[in-house]
Amino acid sequence: MSSSPTPDALLGPADIRELAAALGVRPTKQRGQNFVIDANTVRRIVRTAEVRPDDVVVEVGPGLGSLTLALLEVADRVTAVEIDDVLAAALPATIAARMPERADRFALVHSDAMHVAELPGPPPTALVANLPYNVAVPVLLHMLDTFPSIERTLVMVQSEVADRLAAAPGSRVYGVPSVKANWYAEVKRAGAIGRNVFWPAPNVDSGLVALTRRAEPIKTTASKREVFAVIDAAFAQRRKTLRAALAGWAGSAAAAETALVAAGVSPQARGEALTVEEFARIAEHKEAAAHPQEPAAHATRPPQPPAQHHKESE
């Protein structure tokens, strides 16, 4: 229980429950809704996100508006993306009532974040969100991909997801989210959030993840789609060597080996050991995998007898 009242216009526990009761809202597990009820926590999130007075912030899943109000205190503009019909309808009124002087700096997009392709106003420079746990990674990757103007991101996610996103190659939890997030940004853990700042209190701990957009994109001739296809294939069977795991992607284990060797990656390595740059190099060499005979002229082993060579080419 807080010893001091909720500061300024921000929402406290009583405000959140009162708003929810007035709207007939009960947080649903289906949408992963857990409302932040602590004003100090949302201010801490805004500080950790390094939101500046000139920032145009996009927030996904604003709920009843706890974090939205804290963002509006600092940022130039805030655009909130909300899928829930009742919450989306109520949020503008909450902003107008509690922060009328900033209401013209707020915009609402009533939509599923996964379907958002454009936002009103100037391009967003920052993404700050308490992401629903069940869709956190796909939403994060979609927003980073769709809005390249987003330079800085801070998301609150389930602690386990935070660990995965920020994991480095070689880590036990390094996987698809780690590599794909790294395609866009440098990623790090930025703190932990206790369960008691939410209503209802979740059964899991939460963590903050900070992402800083890469100043230069990954240098590769492969497309993002081609690189992500290699990443997905490598981790679909993460216990297998890349030679085996990428067999389906390349067409055969031998073709996968050809692409791996051409990319300078050991065929015996596993996906969890590779950087995003190495995955990009493998993607670049899919053509080599499709024509495994071509690099044979440069191989160090002696040429095979004609009869055997004829047999292989059948």
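Quick notes
- Only one of ARG238, ARG243, ARG189, ARG225 that is closer than 30 Å to ILE37 by Cα and among the basic types (Lys, Arg): ARG189
- Residue in the stretch 179-187 that is within 21 Å of ARG47 (Cα to Cα) and touching a helix residue (DSSP H, G or I) at 6+ places or on another chain (Cβ under 8 Å) present: yes
- Residue in the stretch 278-300 that is open to solvent by 60 Å² or more (accessible area, probe 1.4 Å), at pLDDT 95 or above and closer than 12 Å to VAL230 by Cβ present: yes
- Among the candidates ASP84, ASP112, residue that is modelled with pLDDT of 95 or more and out of contact with any strand residue (DSSP E or B) (no Cβ under 8 Å at 6 or more places or on another chain): ASP112
- Residue that is most open to solvent (accessible area, probe 1.4 Å) [pool: residues in the stretch 181-206 that are among the aliphatic types (A, V, I, L, M) and more than 11 Å from MET156 (Cβ to Cβ)]: ALA201
- As a summary of the residue check, LEU72 satisfies the conditions (1) touching a strand residue (DSSP E or B) at 6+ places or on another chain (Cβ under 6 Å); (2) buried (at least 24 other Cβ atoms within 10 Å of the Cβ); (3) closer than 24 Å to TYR133 by Cβ except for the one numbered (3).
- Against the conditions (1) at pLDDT 95 or above; (2) more than 24 Å from the chain's Cα centre (by Cα); (3) open to solvent by less than 50 Å² (accessible area, probe 1.4 Å), VAL261 satisfies every one except (3).
- Residue check: GLY121 meets all listed conditions (1) open to solvent by 20 Å² or more (accessible area, probe 1.4 Å); (2) over 13 Å from the mean Cα position of the chain (by Cα); (3) under 23 Å from ALA229 (Cβ atoms); (4) not polar (S, T, N, Q) but one, namely (3).
- Being within 17 Å of GLU277 (Cβ to Cβ) and open to solvent by less than 70 Å² (accessible area, probe 1.4 Å) is a property that does not hold for VAL209.
- Residue in the stretch 98-114 that is hydrophobic (A, V, I, L, M, F, W, C), touching a residue at least 60 places away in the same chain (Cβ under 8 Å) and more than 11 Å from VAL56 (Cα to Cα) present: yes
- Residue count for the stretch 176-195 satisfying the condition of being without any contact (Cβ under 8 Å) to a residue 60 or more places away in the chain and more than 19 Å from MET143 (Cβ to Cβ): 4.
- VAL176 open to solvent by 30 Å² or more (accessible area, probe 1.4 Å) and among the hydrophobic types (A, V, I, L, M, F, W, C): yes
Every residue, every condition in (1) in a strand (DSSP E or B); (2) open to solvent by less than 50 Å² (accessible area, probe 1.4 Å); (3) at pLDDT below 95; (4) more than 14 Å from MET143 (Cβ to Cβ), yes or no:
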| site | (1), (2), (3), (4) |
| --- | --- |
| VAL57 | yes, yes, no, no |
| THR68 | no, yes, no, yes |
| ALA93 | no, no, no, yes |
| ALA97 | no, no, no, yes |
| GLU101 | no, no, no, yes |
| LEU108 | yes, no, no, yes |
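The values are calculated or read from the model by the stated rules, or taken from the named source; none is laboratory data. This is a predicted model, so every value here is computed, not measured. No Cβ is skipped: glycine too gets one built from the backbone with ideal geometry, and neighbour counts run over all protein chains shown. With ligands, DNA and RNA removed, areas are computed over all heavy atoms of the protein, side chains included. Shrake-Rupley method; radii C 1.70, N 1.55, O 1.52, S 1.80 Å.
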